[in-house]
Amino acid sequence: MSGETVGVVGAGTMGSGIAQVFAQARFGVVLQDVSSAALERGRRAIERSLAKLVEKGVIDAEASTAALGRIAFTGELSQLAAADLVVEAAVEDLAVKRGLFGALDALVRPGVILASNTSALPIGSLASATTRPALVLGMHFMNPVPLMPLVELVRGARTSPDAMATAAEVCRRLGKTPVESADSPGFIANRLLMPMINEAIFAAMEGIGTPEAIDTVMKLGMNHPMGPLALADLIGLDVCLAIMKALHAGFGDPKYRPCPLLEEMVASGRLGRKSGKGFYEY
Ligand code: CAA
């Protein structure tokens, strides 16, 4: 893989962050989304993030302009035909993702790796929607993508060692550290993180402490950069709920049951930062 042109599917928080870090690492990027409004939001998020990095002296203005110039925004999946690598970051819906993987498999050259940024869906199930299961793997970035150094690389049952090695090399070119995980519900990151967030929500629901108290305990007592409830607001409560449901369904163990308060907040549209209100107001 020359790895020079990367197709990114989905221009949401994760997709736009992924497009940005590839562009900063001098890859050409084609960022595709079916929604032109999402593409526009993605472009603005990338502009804001690059401006912040310039303001902080992490990159200079020239590098910021060059990075933005390396990203082509498109509504058409067919524009990804020449990609050397595809990273899918569309909605966390297995049927949608399987449909996309089938379409991408028919579109891109044989030999091209198809990666998914899924946070909890099985890589094996995406691989089986293609004719190239050895080249399907998880590239799970962390939010906010431009700042977080980890990429969880998920090895499906049929993913080849060569594909994993290539993906690891790509992560290093992005300045990220790859860590390998088996294709198990929640992989490593969300297997550990989400039960902690879910437990923090139980603690809030039971009145053990206020959201501020719960977050302060983890920030000052455990040196976490942000408390679990503030982090849940950053990730999106709908995403947290979907991951808890995947853990619960995947392991069949009641210890992963989503907290009723989480269910209630999602049902009432309190999704965290993206909706302006979660455990905190934004
Ligand atoms: N691009 C550029 N700059 C950004 C940015 C972005 N996308 N997002 C935030 N920043 C900036 C902030 O604007 C802020 O700038 P100012 O100082 O000028 O205000 C700067 O980064 C530092 O932020 P803060 O001072 O507000 O806070 P901080 O020092 O704590 O850093 C943080 C912010 C890096 C997000 C830190 O709080 C942190 O590491 N939090 C935990 C994040 C985490 O756990 N992420 C993983 C979530 S799990 C996941 O993503 C996987 C999944 O499947 C759910």
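The values are calculated or read from the model by the stated rules, or taken from the named source; none is laboratory data. For clarity, every value in this text was computed on a predicted model and none was experimentally measured. Positions of Cβ are generated from backbone atoms using ideal geometry, with glycine treated the same way; all protein chains shown enter the neighbour counts. Protein only, heavy atoms only, side chains kept; ligands, DNA and RNA dropped before computing areas. Shrake-Rupley method; radii C 1.70, N 1.55, O 1.52, S 1.80 Å.
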Top-ranked residue of the stretch 134-146 - restricted to ones that are over 22 Å from Met194 (Cα atoms) and open to solvent by 10 Å² or more (accessible area, probe 1.4 Å), ranked as nearest to the ligand (Cβ to nearest atom): Leu135
Qualifying residue in the stretch 147-155 (condition: closer than 24 Å to Pro258 by Cβ, surrounded by 15 or more Cβ atoms within 10 Å (Cβ to Cβ) and within 10 Å of the ligand (Cβ to nearest atom)): yes
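State all residues of the stretch 8-26 that are more than 16 Å from Ser116 (Cβ to Cβ) and either surrounded by 23 or more Cβ atoms within 10 Å (Cβ to Cβ) or within 16 Å of the ligand (Cβ to nearest atom) (or both); if no residue qualifies, say none.
Quick first cut of the stretch 8-26, residues more than 16 Å from Ser116 (Cβ to Cβ) only: 16, 20-21, 23-26.
Within the stretch 8-26, Ser16, Gln20, Val21, Ala23, Gln24, Ala25 meet the criteria.
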Verdict on Ile208 being surrounded by fewer than 16 Cβ atoms within 10 Å (Cβ to Cβ) and among the β-branched types (Val, Ile, Thr): yes
Subset tally (residues that are within 15 Å of Phe187 (Cα to Cα) and surrounded by fewer than 20 Cβ atoms within 10 Å (Cβ to Cβ)) for the stretch 248-258: 4
Complete set of residues in the stretch 101-133 that are closer than 21 Å to Ala11 by Cβ, open to solvent by 20 Å² or more (accessible area, probe 1.4 Å) and under 18 Å from the mean Cα position of the chain (by Cα): Leu121
Odd one out for Met218, checked against (1) aliphatic (A, V, I, L, M); (2) within 13 Å of the ligand (Cβ to nearest atom); (3) open to solvent by 60 Å² or more (accessible area, probe 1.4 Å); (4) touching a Pro at 6+ places or on another chain (Cβ under 8 Å): (3)
Test: residue in the stretch 241-254 that is farther than 22 Å from Thr118 by Cα, basic (Lys, Arg) and assigned by TED's automatic domain parsing to the domain that holds Ile197: no
Number of positions in the stretch 149-168 that are free of Cβ contacts under 8 Å to residues at least 12 places away in the same chain and farther than 12 Å from Ala134 by Cβ: 1
Residue match in the stretch 224-247 (condition: away from the ligand (no atom under 15 Å from the Cβ) and open to solvent by 60 Å² or more (accessible area, probe 1.4 Å)): no
